[in-house]
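Below is one structure; the comments refer to it alone.
What follows draws every value from the coordinates through simple rules; no lab data is involved. Computed from a predicted structure; not experimentally measured. Glycine also receives a Cβ, built like all others from the backbone with ideal geometry; neighbour counts cover every protein chain displayed.
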Amino acid sequence: MDDGEHVKEVYAHFGLAIYLAQCLEQSIYIHLMFFDFFPRNISRIRTQELWQRDIEAYEEQELSKTMGQLIGRLKEAGQPTDDIATALASALKQRNRLAHHYFSEKSITFMTESGRNSMIAELQSIQEQFRAVAEMIDIVTMPVAERYGFTEEKRQKLMAQMLEDEAAQRK
């Protein structure tokens, strides 16, 4: 592999790691919906329009927060377990390192093929860390989501609709 392709591979792994950090943030947000928003609001909101309005406001409020603030919100909502809290603290540290220091920290390492190989291996490990933490959260979230009627079938329908809407917007 030439140096240019190897550099692109490092960037691709970095991009995937940051993407998975954002997926983890979404898992935290979804968890908050089912452990915070729904319990506080399910008995008072009576119309589809009110649900839509309040969910959109909640989403805007929560997703404007940093990952660290979202993790703090999990603690306020009585979540997570000690294992999840430890995993989230580690994931947050890695996410912040990637976003703020990674390439400056690795500037010399990035200059050699062996250094880039070590970066790729490290980024793959970080990707797995983000996947594993999101899965830990999702395992707790999904049974509660199903009790609120958000079944796997509905999740798949929603995903298909979102993909369809995205494709229509690009036309």
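Backbone phi angles across segment 46-61, fed through the Karplus curve with coefficients 6.51, -1.76 and 1.60 (θ = phi - 60°), yield HN-Hα couplings of 10, 10, 4, 5, 5, 4, 4, 4, 6, 5, 5, 5, 5, 4, 4, 5 Hz in residue order; Gly and Pro are listed as x. Placing unit charges on each Cβ (+1 for Lys and Arg, -1 for Asp and Glu) gives segment 12-110 a dipole about its Cα centre, and among L98, H13, I108 the Cα reaching farthest toward its positive end belongs to I108. Springs between Cα atoms under 10 Å define the GNM used for the chain, and in it the highest mean-square fluctuation of S43, S104, S125 occurs at S43. A simple count of charges around K8, restricted to other residues whose Cβ falls under 12 Å of its Cβ and scoring Lys, Arg +1 and Asp, Glu -1, yields -3. Cross-link reach is defined here as a Cα-Cα straight distance under 29 Å, omitting same-chain residues fewer than 8 places apart; for K8 the lysines meeting it are K93, K106. Only Cα pairs under 8 Å and 6+ residues apart enter the sum, and on that basis the relative contact order of segment 61-155 stands at 26 percent.
A121 to K75: FRET efficiency via 1/(1 + (r/R0)^6), r the Cβ-Cβ distance, R0 30 Å, to the nearest 0.05?
About 0.35, to the nearest 0.05.
Take the Cα of E59, go 7 Å toward its beta carbon, and the backbone nitrogen atoms of segment 2-29 under 15 Å from that spot belong to 26-29.
Where does helix 3-32 land angle-wise versus the long Cα axis of the chain, in degrees 0 to 90, nearest 10? With both axes taken from Cα atoms, the answer is about 20 degrees. Within the shell of other residues whose beta carbon sits under 12 angstrom from the beta carbon of E164, the net charge comes to +1, with Lys and Arg scored +1 and Asp and Glu -1.
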